[in-house]
1. What helices (runs of 4 or more DSSP H), lying completely within the stretch A:77-147, carry at least 1 residues that are at pLDDT below 65?
2. Please go through the stretch A:52-76 and give me each residue that is aliphatic (A, V, I, L, M) and within 12 Å of chain B (Cβ to nearest Cβ), ordered by number.
3. Taking the condition within 17 Å of the chain's Cα centre (by Cα) and aromatic (Phe, Trp, Tyr), does B:TYR191 pass?
4. Which of the residues belonging to the stretch B:145-190 are closer than 30 Å to B:PRO132 by Cβ and among the aromatic types (Phe, Trp, Tyr)?
5. For the stretch B:126-151, give me the residue count where each residue is in a loop (DSSP other than H, G, I, E, B) and under 15 Å from B:THR165 (Cβ atoms).
6. Of all residues in the stretch B:63-73, which are part of a helix (DSSP H, G or I) and surrounded by 11 or more Cβ atoms within 10 Å (Cβ to Cβ)?
7. Pick from B:ALA231, B:ALA222, B:ALA161: which is surrounded by 15 or more Cβ atoms within 10 Å (Cβ to Cβ) and either among the hydroxyl-bearing types (Ser, Thr, Tyr) or under 24 Å from the mean Cα position of the chain (by Cα) (or both)?
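The values are calculated or read from the model by the stated rules, or taken from the named source; none is laboratory data. Quick caveat: nothing in here was measured; it's all calculated off a predicted structure. With ideal geometry, Cβ positions are generated from the backbone for all residues, glycine too; neighbour counts draw on all protein chains shown.
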Amino acid sequence: MALSIDPALVAAARSDDLSLEGLIEAVWPEAFRVAASILRDRALAEDVAQEACAAMARSLDALKDARTFAPWFYRIVSNYAISTARRRRPTIPIDAANQCATHFDSSDAIDLYDALAALPVDQRAALVLHYYAGLNSFDIAAILGVAAATVRFRIMLARRALAKALSQPNANSDEVLSHVR
Amino acid sequence: MYADARLSAVMESMVRGIDAPAVPIAGIRDRMTAPVAFNSRRRIPFARYALAAVAAIAIFFAVFPKASLALFEQIVVNSYAAADAVARRLTNWTPPPPPPKSLDAAQRSQPVSLAAAQAKVKFTIVPPAGLPSDAVFVGIDTMPALVYDKTKRTWSKTAPALQFTYRRSGSRTFSLMAENDDPRTGPFGKYAWFVDELPGGKVGMTKHARFIWRNGDQMMTAVEDDGITAAEILAIRAAMHGQDIAHNARETIVKRYRLP
């Protein structure tokens, strides 16, 4: 899983203000990046990441097991990101500055970033949560509020669309489904 | 094609390539103390369940139309009975006792002539006019009414209503009811519901429009059915120069129990 937080820090953050601040600083980049990957809008991603961090801090006491912090936090971030994306009307970006500042280290990453833009937000979120955050289809299903089979189907569709967008027509959806569990 | 491992690697490269701004710790702290906005996503599962329930009911109705209607009818009847029982309990309503035997004779309807009918009632009879061309007068019957006084807890005989009965072609009949116009009575039902027994012990209810009008101190009531149409009733009212009484024009002040 991309996010690795010491459970001791999580436990300490429940009662100690400085630890909570440390926890927020630790999760902030991850919250912003995941939100930006889903939303593809820097201002919105910052807003969502702030909201997610605040929600995390408010409800930290509700987290029973500090070792499950990462999927729990991804859930908060993606919930806010998806609901924000659904509320937002589709727009054509006119301000390049509003796009996410990036320094991709490979052309594959640039291609993927551009290809993701064409996907529906639910498929984009499922891809990011599965391939980046390392969540399985059941965790993603809980986040998106759909069945795990639906998540697997969306990932299959997303991969198929990515393959087409990246001019890789030989997509094998059966292979994809076998990998997504 | 992106293999699974390669996609993970590229995805990680892509996400990590996004520059995160400095932590806006003050902004986050402000949001921590701000009132929590309602998250509309929480409503989605309930909406989904409601939609699924509606779909299931629709499918059940489509597959089992007869059973569905019977079930729906049973639910409506039971709900009405339950609501009625609650309303009666809340208002301390108790049904009146049955009328005494001494008033049995008063309950029976009697065929009378127009002159005899006028002698029995307190209002001035305005006979029906503008009847359908094939209507043949059959007779006038008194329609007895007993009144129960809740304070005195007694039944008493009151002036009867009159029923004008007519026969028509095709073995059809219809009747018009005349009674004393008591301004304390109302509101009047816009419709009369006829209960028909259907095969299989079921009950069907059909809705019939009710028309009420006044001539002086006489109030006349007619209900459209197989024997007379709404247009024909309106023609009678017009010919009698009757003044329409809207169904919701009055509120009930006194309660009358009319016996068959």
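1. Qualifying helices (runs of 4 or more DSSP H): A:107-116.
2. Going through the stretch A:52-76, the residues aliphatic (A, V, I, L, M) turn out to be A:52, A:54-57, A:60, A:62-63, A:66, A:70, A:76.
Of everything in the stretch A:52-76, those that are aliphatic (A, V, I, L, M) and within 12 Å of chain B (Cβ to nearest Cβ) turn out to be A:ALA52, A:ALA54, A:ALA55, A:MET56, A:ALA57, A:LEU60, A:ILE76.
3. Considered against the rule, which asks whether it is within 17 Å of the chain's Cα centre (by Cα) and aromatic (Phe, Trp, Tyr), B:TYR191 comes out as yes.
4. Correct list: B:PHE164, B:TYR166, B:PHE174, B:PHE188.
5. Matching residues across the stretch B:126-151 total 6.
6. Answer for the stretch B:63-73, where residues must be part of a helix (DSSP H, G or I) and surrounded by 11 or more Cβ atoms within 10 Å (Cβ to Cβ): B:ALA67, B:SER68, B:LEU69, B:ALA70, B:LEU71, B:PHE72, B:GLU73.
7. B:ALA222
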